[in-house]
């Protein structure tokens, strides 16, 4: 298949899936057994106020009319107003999104650097100590519950040692200038180096916790693909020609072995978004994950639907990008 | 099916013989696998952990030194001691007893989620793969929709919408898990469908249902089971995460994730409430992952060679 | 080469990080740590949550405000320098203070008051019923007579009720010009006012970075004395232990919502740098039984439950002593309050009452409560107390939204919950707890008692104070015997505060009906 038509097919499929996503989210938010009005008005409100609010939210309409309202709203880019913040959900999401992006990027970088290094070393020193160590280290990464490990890290590095902060993006008396919303990037743009280093300090623990779980699969794929590459003829030829091992591995093998890692990074992105929900909750990170958790706990259904739709969109777009990238590299994938 | 019991019986018999014959080389395979198993120390460790985990769950009421939900506020937050090795929580409950009784909840979670998600996955996958065409197209697009969400996020949404209880968390995770098995089962079903003997059976009048039941299903089960063992660790982690976020098991149920969450406000001075149940999750999940890893290695042709 | 570069970069990073140390808090800045999840808006016509209300109070000036004088809430002049009441008690005339200005420099005019009150009524948000139901106001009830005079026509509610409601957040006066400039789609500035301010109080809302921090700064145009504290930083710290540690480390001056254990530690082990401030809370904690559900239909069963509960354990163990035993609906210091705590744990008596009612072997019941740590603990204690008299109970933790939905529809069997006082008058407590016709707590627990309802209504209208107090005393007695409530306690609120903080006790006395940051200094 031509790359162009592959992209078109993949895109139209995504449109279909996104429509399904919208329907599922609608169903989920409508089976919520609670009265969102109770959440808005609190326990003291008299019944007349409750009825008035119910009408105002359109909750007294038939379910099909609500579905039409909902879909119509989404196509106009309107996700409704959050019941908790009473602001448009899209405003809320855009406010929390940069923090999540920042954390996700730093975690992916951490996971890829660590995963690739471990995988590479494992493959080169197969069945030696470093191989076993990297295996145990990465299998611990997918076994230790991140929410627990995060708490233990806070216990050690904040409560006991006092080296690192327990949460948030920056300290109290740090007032970053907002340009893009990404704290570190803004700090660099504006030359606010105290903000930059403060931000780094706050990023260390969340990045480790979120990135660690992705390290395992990256290391595993890297190891396997590196072993494959090392057995290829051209590598043997290169070695036979007398090139030093280090040069062969870094110049020739590494580049080719990295290709499968692209896919796994795409796949890990979903895990990363899931993990962000927990990591952000533990580290009081002002991101989208914490927003969704809070909206679920308060049954703030416009926020739930807006947040989950947004996350699903992000995930789908990243997967699409990875698929297309992979298809461009490897024509066999265009099936 | 009930209309022609004899016919059904004979089909079953022949297919069983055939089943075993076809699998003769596989039995040798199993022997080889066991040999490999013994050579993989990590998988062995995993097996031991899981064995212990199941034993603890089986004898939990005998092993737990105290009542896991009996409160004694006069002794709340007591540090670990000989009488209470894991300490007491904010209600004066024995943390060790809660962790031990928690094994039963985790076993329940794994067991029910496995059954529900495999059942849905097999039905969807086999039907899609066997019939192909428009049926396949529709079912696979539905699967894609479920896969368009990060798993935990979708499970959280289902759990919150159904109202957070242990049972609903189990349903929520199953609703997310089945897609894995549906894809596997579909692939198997497509393979089996193209076999010449299926055409032959069809010609002698076997119904689609029987073919799916006696020919496609048995072939699909083993890859699904293998995949399941590899995912069990993830299932426990997901359930514990829901419990931790308050979207799963509710107090006073001693679900491990919920206990970790209980201890969170007391982390600074009373770390034991958080530390021990978290370790229990970590060790159990590690056991399943080591086991799954071992299985993956044994089945990996590169390593077998 | 590359490796060396990496190593150097790491070293540089570590050094740089170690130099970025937390600075000391400046003298004119107050830093508070809180879980800011409950903050939804700073709009005085919308805001109705306990903690945010205290902040809104310091941003907006009202016609009158409530101060604590000798332990009682007393209306005092704020934007209005004096006021008078018509013969029939229904029409109120307020005369505005000369020279009071909004933060943007505009003079406060009677038309601003008219606009703000009408706006609150038209918005119909959570607090609107205080105006429309309690005072019987419509938009036409409020009239600006001239620039400095405004009249308000009420339904004849007692003076204390009228002034208390006007002093509440909903009575905050907004700058009409400024609000109208920020109107979108006819929302009367609601979207903008969520995180901006247009008031005449001592502070202005400078910044709200959600889930990070809220910043208030002084209002340079405030008519009163300039506060010693120029900047108030409200830092979002969702975890109780983080707030406590930040306080101990000196990173914050005030820690809200620390655990009762941490508070007890501060109280019992005096530590040089941190102390604890306590104050009777403006709320009541109770267990309620649905009087239309199974065994609870029988008043003897309800009494059995009241005798089964171990109030002392809840007060001393769950609350670590941060609660006052108060088994009536009137809070301490309120009109008509007289100590009356007839119930103590008496298992034998409770068992006998159960047996008399025909349940010698008990029954099974569902106790519902929300996720709050304290409530959960209370539910656990009640569960074990009930088990002692043979009642088997299951605890169901619900999210607030779900719980209120069921509660409103009389759909719960038993609940552990609390009631925050809406305005400081006995009527604001008697009505919800005893008069089912207002469809509040008594109704939600299906206690449809006409005698209690009639007594509540009579007390609300009685002008003779002695008679009114007597009605409340009779009502309390009747209600304690027959009602569906087992009152657990009146909480004592607490804050961990830094030692160098002065005036915090005066500022937070009567929280959150009264909260005045201008009294704090360092």
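Taken along the Cα-to-beta-carbon direction at a fixed 7 Å, the label points for residue C:463 and residue C:122 span 3.5 nm. Our helix-only sum for chain C, with -39,500 (n - 2.57) per DSSP H run of n ≥ 4 divided by its residues, gives a mean residue ellipticity at 222 nm of -9500 deg cm²/dmol.
For chain A, the longest principal axis of the Cα atoms and the long axis of helix A:288-297 meet at an angle of about 40 degrees.
Return C:515, C:175 ranked ascending by Cβ neighbour count within 10 Å, so the fewest neighbours appear first.
Values: C:515 18, C:175 25.
By the 10 Å Cβ count, ascending: C:515, C:175.
FRET efficiency for the pair residue C:521 and residue B:67, taken as 1/(1 + (r/R0)^6) with r the Cβ-Cβ distance and R0 = 51 Å, rounds to 0.45.
With neighbour counts taken as other beta-carbon atoms within 10 Å, the residues A:315, C:95 rank, fewest first, as C:95, A:315.
Residues considered: B:84, B:215, B:32. Largest GNM mean-square fluctuation over chain B, using C-alpha springs under 10 Å, is found at B:32. Going by a ≥ b ≥ c, the root eigenvalues of the Cα gyration tensor, does region B:104-304 fall in the rounded group (a/c under 1.5), the prolate group (a/b larger than b/c) or the oblate group? Since a/c reaches 1.5 and a/b is larger than b/c, the shape of region B:104-304 is classed as prolate. The residues A:60, C:425, when put in order of fewest to most other Cβ atoms within 10 Å, stand as A:60, C:425.
With the Cα gyration tensor of region B:32-186 giving a ≥ b ≥ c as the square roots of its eigenvalues, does the rule (a/c under 1.5 for rounded; else a/b larger than b/c for prolate; else oblate) give rounded, prolate or oblate? Note, shape of region B:32-186 comes out oblate. A Förster distance of 56 Å, applied to the separation of the beta-carbon atoms of residue C:133 and residue C:24, puts the FRET efficiency at 0.70.
Comparing A:216, A:49, A:111 in a Gaussian network model of chain A where C-alpha atoms under 10 Å apart are linked, the largest mean-square fluctuation is found at A:49.
Given a cut-off of under 8 Å on Cα pairs at least six residues apart, what relative contact order in percent is computed for region C:343-428?
Values: 94 pairs, mean separation 28.3, N = 86.
Across region C:343-428, relative contact order equals 33 percent.
Against the main long axis of the alpha-carbon atoms of chain B, helix B:95-131 sits at an angle near 20°. In this simple spin-label approximation, residue C:387 and residue C:273 carry label points 7 Å from Cα along the Cα→Cβ vector, and these lie 4.3 nm apart. Panel values: chain A, Kirkwood radius from alpha carbon pairs, Stokes-Einstein at 10 °C and 1.306 mPa s, translational diffusion coefficient 69 µm²/s.
Suppose R0 equals 30 Å; then what is the FRET efficiency for residue A:64 and residue A:313 from their Cβ-Cβ distance, rounded to the nearest 0.05?
0.75
Residues of region B:213-230 with an amide N closer than 16 Å to a point placed 7 Å from the Cα of residue B:30 along the Cα-to-Cβ direction: B:218-226. Note on residue A:117 and residue B:115: their simple-model spin labels are 4.7 nm apart, each label 7 Å out from Cα toward Cβ. Taking the helices alone, chain A has a mean residue ellipticity at 222 nm of -23500 deg cm²/dmol, built from -39,500 (n - 2.57) per DSSP H run of at least 4 residues and averaged over all its residues. If you run the Gaussian network model on chain B, springs between alpha carbon atoms under 10 Å, then out of B:293, B:28, B:72 the most flexible one is B:28.
Calculated [222 nm] ellipticity per residue, helices only, for chain B: -25000 deg cm²/dmol; basis is -39500 (n - 2.57) per DSSP H run with n ≥ 4, divided by all residues, nearest 500.
Between the Cα long axis of helix B:272-299 and the first principal axis of chain B there is an angle of about 20°, rounded to the nearest 10. Under the criterion of Cα pairs below 8 Å and six or more residues apart, the relative contact order for chain A equals 27 percent.
FYI, it's all coordinate maths here, none of it is from the lab. Computed from a predicted structure; not experimentally measured. Counting neighbours? That spans all protein chains shown, and the Cβs are built from the backbone with ideal geometry, glycine included.
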